[in-house]
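The values are calculated or read from the model by the stated rules, or taken from the named source; none is laboratory data. What you see is a predicted model, and the numbers here were worked out from it, not measured in a lab. In this analysis, Cβ positions are derived from the backbone assuming ideal geometry, glycine residues included, and neighbour counts consider all displayed protein chains. Areas reflect the complete protein model, heavy atoms only, side chains present, ligands, DNA and RNA absent. Shrake-Rupley method; radii C 1.70, N 1.55, O 1.52, S 1.80 Å.
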Amino acid sequence: EAGVVQSPRYKIIEKKQPVAFWCNPISGHNTLYWYLQNLGQGPELLIRYENEEAVDDSQLPKDRFSAERLKGVDSTLKIQPAELGDSAVYLCASSLGAGEGADTQYFGPGTRLTVL
Amino acid sequence: GNSVTQMEGPVTLSEEAFLTINCTYTATGYPSLFWYVQYPGEGLQLLLKATKADDKGSNKGFEATYRKETTSFHLEKGSVQVSDSAVYFCALSDSGAQKLVFGQGTRLTINP
């Protein structure tokens, strides 16, 4: 079974430029998460989707960050414009969302963003 | 709010040594508890989990027991290997918000 797929793995951009990250969750997983992981810290939730609906985006900085999950499968996280402080690893995770094991999340390899 | 506190690192051990990484939590209700491992350049991998008090999660020689009375979920392994070198994260599942709350991570280095 394929795991959570993310691309790109690495991205280097100049500040004020836009950037987008893509995530394909495990097949059949209804719940999708985007986490931010700063260097030396644990991941922090940015947004959670149940199917195509964003049910928790309270930690997403909406002035510059946006996300979408069209058709309830793949998801894209965008930053526009990027700032130096956005340099971090952006992790995507998915889970079943219901039933036994619903609270177990599976993570992708992440996208390491460097803003110069 | 819910939170997780991990033993500060980094931790350096010799091969075949006994490992303990401490983890304590603060939570309302009855969260599930997890240990994730992150190898260099990779994403987080689920190592083990426990869903209720006194449950023991185990995988690849690692164990952790859900202790409600001490609000702890310490990770242990009897004999570590060089390949265990990684960053280990303790986390709880906030059932209300349906998100994982992570500790800050503990970097483990095993020397041959």
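Points to keep in mind about this one:
- Dipole moment magnitude, nearest 20 debye, the protein assembly as shown about Cα centre, only Lys, Arg, Asp, Glu C-beta charged: 400
- Cα radius of gyration and Dmax for the protein assembly as shown (Å): 17.6, 51
- Relative contact order (%) - criterion: Cα under 8 Å, at least six apart; region: chain A: 36
- Using C-alpha pairs under 8 Å with a sequence gap of at least 6, the mean separation divided by the residue count of chain B gives a relative contact order of 37 percent.
- Extent along principal axes [Cα atoms of region A:36-78; Å; largest to smallest]: 34, 21, 16
- Apolar share of the accessible surface for region A:57-116: 52 percent from carbon plus sulfur atoms, 1.4 Å probe.
- Expressed per residue, the C-alpha convex hull volume of region A:53-106 stands at 105 Å³.
- Think of region B:10-63 as a dipole: +1 on every Lys or Arg Cβ, -1 on every Asp or Glu Cβ, centred on the Cα centre; then among B:ALA50, B:LEU19, B:PHE62, B:ALA50 lies furthest on the positive end.
- All-pairs alpha carbon distance profile, chain B, 10 Å steps from 0, percent: 15, 50, 28, 6, 0
- Under the convention that each Lys and Arg Cβ holds +1 and each Asp and Glu Cβ holds -1, the size of the dipole of chain B around its Cα centre is about 280 debye.
- Take the convex hull of the alpha carbons in region B:22-69; its mean projected area over all directions comes to 4.0 nm².
- Given in Å, the Rg to one decimal and the Dmax to the nearest whole number for the Cα atoms of chain A are 13.6, 44.
- Accessible area buried, both sides summed, chains A and B with 1.4 Å probe, Å²: 1400
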